[in-house]
Amino acid sequence: MPTRRATHLRSALSLAVAALLLPLTACGSDDNDTADPRPSKKPAAAEIPRPGDHKVTLSWKGEKRVYTVHAPPGYTRSEKLPLIIAMHPYPADGKDMAAISGLNTKADKENFLVAYPDGLNRGFNALICCGTEDDVGFIRTLTTRLTKTWYADPSRVYATGISNGGDMAYKLAVELPDTFAAIAPVSGGYLGTDAEKASYMPKTPVSVITFIGGLDEHYGGMDTGINSWQKRLSCDPGEPQKLKNKIKRTTAKCSDGSDVIVYRLPGMGHSWPGGTDGNMSDPQAGVDATDLMWKFFKSHTKKVS
């Protein structure tokens, strides 16, 4: 399955140059070779939180790790903004994810922060592929740094991603449940040997909105995965609501207080519904994942002690 997915996603590398994140000043690095997840008390001198796109480099367990932060116009640290961690497919990077999702435009309109981590060797160590690095620890570190340095609101931190990045969103929900209020996997799944274990579930409520395409070769696994998630959390999706283009939506309230919304799009393949940029976007899918996930995120916050 990873091989087929990797072959399918190589087209992501052909994303239009015009949609790439505006490269700005490269930021300083944190020395994190000891794998201490706590950020330094002071940001590196070159990392000055401000509007626009900012590339940040840090050392994580001996590796150079990179992520890009997008802050909306008028951003200041006087207001705690929501934060979305957006993870790319394999093989790709944060620039590709920004183009596929259109989240920068949404952030500018709705006033939130977006961070795009780059996976080592263009992939994340998610549930079924694509790497061996401690990406959970890396994302925990950058998220903590963003709440401390960029003043992101710790009660409104969310994760999304497509394909390998969508799988990673599920992994973060389980392994960092105290961090994320909600996740939005797109063409990604709760899959693999870990997900087959009944105990592999979030220990605190993490709500989910997900989008899966009926023409996706991985549809069966993704559909089984989200059904297992709902069964383990005693969610009752009831009968699906039928939308235009034969799209079906289920909405469930789970025993731990979380919500699960699933969009099943029969005419979509391995894509981002409603996207307009790149070969992994499907503007004809019938719904706009970016709009719907942001509406969902806005209605979910995490209790922070």
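Can you tell which of ILE128, ILE139 is among the aliphatic types (A, V, I, L, M), under 12 Å from ALA86 (Cβ atoms) and in contact (Cβ under 8 Å) with a residue 40 or more places away in the chain? Write out each step before concluding.
Numbers: ILE128 fails: under 12 Å from ALA86 (Cβ atoms).
Step by step, each of ILE128, ILE139 is checked, and only ILE139 is among the aliphatic types (A, V, I, L, M), under 12 Å from ALA86 (Cβ atoms) and in contact (Cβ under 8 Å) with a residue 40 or more places away in the chain.
Name, by its number, the condition in (1) closer than 22 Å to ASP194 by Cα; (2) more than 15 Å from the chain's Cα centre (by Cα) that does not hold for ASN121.
It is condition (1) that ASN121 fails.
Here are the criteria: (1) among the small types (Gly, Ala, Ser); (2) within 17 Å of LYS106 (Cβ to Cβ); (3) at pLDDT 95 or above. Tell me which single one GLY275 does not satisfy.
Evaluating GLY275 over (1) among the small types (Gly, Ala, Ser); (2) within 17 Å of LYS106 (Cβ to Cβ); (3) at pLDDT 95 or above leaves (3) as the failure.
Which residue pairs have Cβ atoms closer than 6 Å, lie 6 or more positions apart in sequence or on different chains, and pair a first residue in region 239-268 that is of a type in the set (Val, Ile, Thr) with a second residue that is in a helix (DSSP H, G or I)?
From residues that are of a type in the set (Val, Ile, Thr), the pairs are VAL260/GLN230; VAL262/ILE226.
Would you mention how many residues in region 165-181 are in contact with a Ser or Thr (Cβ under 7 Å, 6 or more places away or on another chain) and more than 17 Å from LEU146 (Cβ to Cβ)?
Total meeting the criteria: 2.
Since SER258 meets every condition but one in (1) in contact with a helix residue (DSSP H, G or I) (Cβ under 9 Å, 6 or more places away or on another chain); (2) under 29 Å from ALA98 (Cβ atoms); (3) of a type in the set (S, T, N, Q), which condition does it not meet?
Of the numbered conditions (1) in contact with a helix residue (DSSP H, G or I) (Cβ under 9 Å, 6 or more places away or on another chain); (2) under 29 Å from ALA98 (Cβ atoms); (3) of a type in the set (S, T, N, Q), the odd one out for SER258 is (1).
Taking the options GLY257, GLY267, name whichever one is assigned to a loop (DSSP other than H, G, I, E, B), within 20 Å of LYS242 (Cα to Cα), at pLDDT 95 or above and not polar (S, T, N, Q). Break it down into steps so the answer makes sense when it comes.
Details: GLY257 fails: within 20 Å of LYS242 (Cα to Cα).
Checking each option against the conditions leaves just GLY267.
List the pairs whose first member sits in region 172-198 and is more than 24 Å from GLY269 (Cα to Cα), whose second member is basic (Lys, Arg) and surrounded by fewer than 20 Cβ atoms within 10 Å (Cβ to Cβ), and whose Cβ atoms are under 6 Å apart, counting only residues at least 6 apart or on separate chains?
Close Cβ pairs satisfying both conditions: LEU176/ARG140; PRO177/LYS203.
Condition check: surrounded by fewer than 20 Cβ atoms within 10 Å (Cβ to Cβ), touching a Gly at 6+ places or on another chain (Cβ under 6 Å) and of a type outside the set (S, T, N, Q). Does PRO240 satisfy that? Give the steps one after another, and end with the answer.
Values: surrounded by fewer than 20 Cβ atoms within 10 Å (Cβ to Cβ): yes; touching a Gly at 6+ places or on another chain (Cβ under 6 Å): no; of a type outside the set (S, T, N, Q): yes.
No.
Within region 132-144, can one find any residue that is touching a Ser or Thr at 6+ places or on another chain (Cβ under 9 Å), at pLDDT 95 or above and within 13 Å of GLY161 (Cβ to Cβ)? Step through it out loud before you land on a result.
To start, the set of residues in region 132-144 that are touching a Ser or Thr at 6+ places or on another chain (Cβ under 9 Å) comprises 139-140, 143-144.
From what's left, at pLDDT 95 or above: 139-140, 143-144.
Checking the rest, the ones that are also within 13 Å of GLY161 (Cβ to Cβ) come to 139.
The answer is yes; a qualifying residue exists.
Among the residues of region 270-305 satisfying the criterion of being of a type in the set (Val, Ile, Thr), under 19 Å from the mean Cα position of the chain (by Cα) and part of a loop (DSSP other than H, G, I, E, B), which is nearest to ALA92 (Cα to Cα)?
First, the residues of region 270-305 that are of a type in the set (Val, Ile, Thr): 276, 287, 290, 301, 304.
In the following step, the residues that additionally are under 19 Å from the mean Cα position of the chain (by Cα) were identified as 276, 287, 290, 301.
Add one more test, that the residue is part of a loop (DSSP other than H, G, I, E, B), and what stays is 276, 287, 301.
Working: THR276: 17, VAL287: 24, THR301: 30 Å.
My answer is THR276.
For residues that are closer than 12 Å to ILE85 by Cα and of a type in the set (Gly, Ala, Ser), scanning just region 146-172, find the one that is surrounded by the fewest Cβ atoms within 10 Å (Cβ to Cβ).
Restricting to residues being closer than 12 Å to ILE85 by Cα and of a type in the set (Gly, Ala, Ser), the top hit is ALA152.
Return yes or no: is GLY137 over 16 Å from the mean Cα position of the chain (by Cα), surrounded by fewer than 22 Cβ atoms within 10 Å (Cβ to Cβ) and more than 20 Å from ALA289 (Cβ to Cβ)? Let's see the steps before the verdict.
Working: over 16 Å from the mean Cα position of the chain (by Cα): no; surrounded by fewer than 22 Cβ atoms within 10 Å (Cβ to Cβ): yes; more than 20 Å from ALA289 (Cβ to Cβ): yes.
Considered against the rule, which asks whether it is over 16 Å from the mean Cα position of the chain (by Cα), surrounded by fewer than 22 Cβ atoms within 10 Å (Cβ to Cβ) and more than 20 Å from ALA289 (Cβ to Cβ), GLY137 comes out as no.
For region 122-137, give me the residue count where each residue is farther than 16 Å from LEU58 by Cα and either assigned to a loop (DSSP other than H, G, I, E, B) or touching a Gly at 6+ places or on another chain (Cβ under 7 Å) (or both). Explain how you work it out, then say what you get.
Restricting attention to region 122-137, the residues satisfying the condition of being farther than 16 Å from LEU58 by Cα are 122-132.
Add one more test, that the residue is either assigned to a loop (DSSP other than H, G, I, E, B) or touching a Gly at 6+ places or on another chain (Cβ under 7 Å) (or both), and what stays is 123-132.
Number satisfying all stated conditions: 10.
At least 1 residues that are modelled with pLDDT of 95 or more, over 20 Å from CYS130 (Cα atoms) and among the charged types (D, E, K, R) in each: list the helices (runs of 4 or more DSSP H) lying fully within region 1-112 that qualify.
Values: elements: 2-9, 94-101, 103-110.
Result: 103-110.
Can you tell me which residues in region 197-230 are surrounded by 21 or more Cβ atoms within 10 Å (Cβ to Cβ) and either at positive phi or assigned to a helix (DSSP H, G or I) (or both)?
The answer is MET222, GLY225, ILE226, TRP229.
Give just the number: which of (1) of a type in the set (A, V, I, L, M); (2) in a loop (DSSP other than H, G, I, E, B); (3) under 22 Å from PHE211 (Cα atoms) does ILE183 not satisfy?
Unmet for ILE183, out of (1) of a type in the set (A, V, I, L, M); (2) in a loop (DSSP other than H, G, I, E, B); (3) under 22 Å from PHE211 (Cα atoms): (2).
The values are calculated or read from the model by the stated rules, or taken from the named source; none is laboratory data. Only a predicted model underlies this, so the values are computations on that prediction, with no experimental measurement involved. Don't worry about glycine lacking a Cβ; one is built from the backbone with ideal geometry, like all the others, and counts go over all protein chains shown.
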